[in-house]
Amino acid sequence: MTMKLHILAYGLVLATTVAACSDEKKDSKEKEGVETVLPSLPNEVTVVPLEKRVFNHELISNGKVTAKDYADLYFRTAEVVAHVWVKNGDVVRKGQKIAELDLFKLNNTLAQQKNGLAQSTLEMQDVLIGQGYAPDNLKAVPADVLELAKVKSGYEQSKAQYESAKYDVEQATLVAPFDGVVANLFEKEHNIPKTSEAFCRVINAGTMEVDFTVLESELPLIKVGDKVEVTPYASAAGVRQGSISEINPLVDENGMVRVKARVNGGNKLFDGMNVRVSVKRSVGEQLVIPKTAVVLRSGKQVVFTLKDGKAMWNYVHTGLENMEEYTITDGLEEGMEVIVTGNVNLAHEAPVKVIKN
């Protein structure tokens, strides 16, 4: 019985020893495999020297296009529309015809008023002759006598009615008051338009305004005359150039200030169009780095610099920015070699290999 226990114990020890050797061999093979798959190589990075240079600050905001110059055109009388020569979106020149009413009634009324004026003129002349004055030399007639003659003959009333009828005929044809684009034209021929509503609008699309807002803290960074770039979200319109025309001296409850910029629309910007506004201004020489050089570590901005073949960790404070760059206000010194790519997974004093950009 004792012999059997010794044999059993020996077997257990032998099995344990064999299993341990097997695990050691397995761990050795796995470690060897990992080292083969993941060789210890330095990170490849690109660097740029940190130097002072002129920085173009860029302020980005969203805005809306409004027409600086536009005219709503109305018909004075309720007559049938005889002709419409344009449609929405058409470019028109100053004085170009847009639409016209049926002129039959208007011309008839004008003829009647013209005849009434002629009759009143004759009656006024009769009154003057009766007073002993020559009707063909009104300058020699005393003012009170002339006024009395006009009242008795009804001359002034007839003249006013004639001028009104003449004006109605003139306004029965709508013409463009300046070069522009036709908008809000919805009436059709053979219909009577509403005199209380504009028949159409002519917009001077050459000069447009963009209304946008900036933060109160950004107000010192802009001024009237600064250049702007306006990019419609409808990309086909392209980028338009302009300049700030006015800054409203009032901060609203949200800490925003309204700004307007005058832009050359080039018939590509529409009234009410949503756009992105970029205000650019040179702020002199600054320490400037690409945005790719800045990474976040625990919520703080970090820039890695190159020193003796290693990446050195630097906490920084950035200042102004544009689409591609930051200015550095603290944390770096001029002349440092800043790592701009390959820095996402770097650690402090990690070995790096510099490659050409």
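The values are calculated or read from the model by the stated rules, or taken from the named source; none is laboratory data. Computed from a predicted model, the values in this text were never measured in an experiment. Positions of Cβ are backbone-derived with ideal geometry, glycine not excepted, and every protein chain shown enters the neighbour counts.
Here are a few things to note about the model shown:
Residue-wise test of (1) assigned to a loop (DSSP other than H, G, I, E, B); (2) hydrophobic (A, V, I, L, M, F, W, C); (3) farther than 30 Å from Pro42 by Cβ.
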site: Glu253; (1), (2), (3): yes, no, yes
site: Val263; (1), (2), (3): no, yes, yes
site: Gly266; (1), (2), (3): yes, no, yes
site: Val277; (1), (2), (3): no, yes, yes
site: Gly284; (1), (2), (3): no, no, yes
site: Ala311; (1), (2), (3): no, yes, no
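- Failed condition for Glu333, given (1) surrounded by fewer than 19 Cβ atoms within 10 Å (Cβ to Cβ); (2) modelled with pLDDT of 90 or more; (3) not in a loop (DSSP other than H, G, I, E, B): (3)
- Filter pass, Gly255 being surrounded by fewer than 18 Cβ atoms within 10 Å (Cβ to Cβ) and within 30 Å of Asp90 (Cα to Cα): no
- In the stretch 216-241, the residues that are on the phi < 0 side of the Ramachandran plot and among the small types (Gly, Ala, Ser): Ser217, Ala234, Ser235, Ala236, Ala237
- Qualifying residue in the stretch 160-169 (condition: without any contact (Cβ under 8 Å) to a residue 12 or more places away in the chain and over 22 Å from Val80 (Cβ atoms)): yes
- Residue that is surrounded by the fewest Cβ atoms within 10 Å (Cβ to Cβ), among those in the stretch 221-242 that are over 12 Å from the mean Cα position of the chain (by Cα) and either in contact (Cβ under 8 Å) with a residue 24 or more places away in the chain or in a strand (DSSP E or B) (or both): Lys223
- Selection count where residues are of a type outside the set (A, V, I, L, M) and surrounded by 16 or more Cβ atoms within 10 Å (Cβ to Cβ), scope the stretch 293-309: 3
- Taken over the stretch 345-357, the criterion of being under 26 Å from Arg53 (Cβ atoms) and either touching a Leu at 6+ places or on another chain (Cβ under 6 Å) or part of a loop (DSSP other than H, G, I, E, B) (or both) is satisfied by Leu346, Ile355, Lys356, Asn357.
- When Ile328, Ile339 are checked against the criterion of being under 13 Å from Gln286 (Cβ atoms) and modelled with pLDDT of 90 or more, a single residue qualifies: Ile328.
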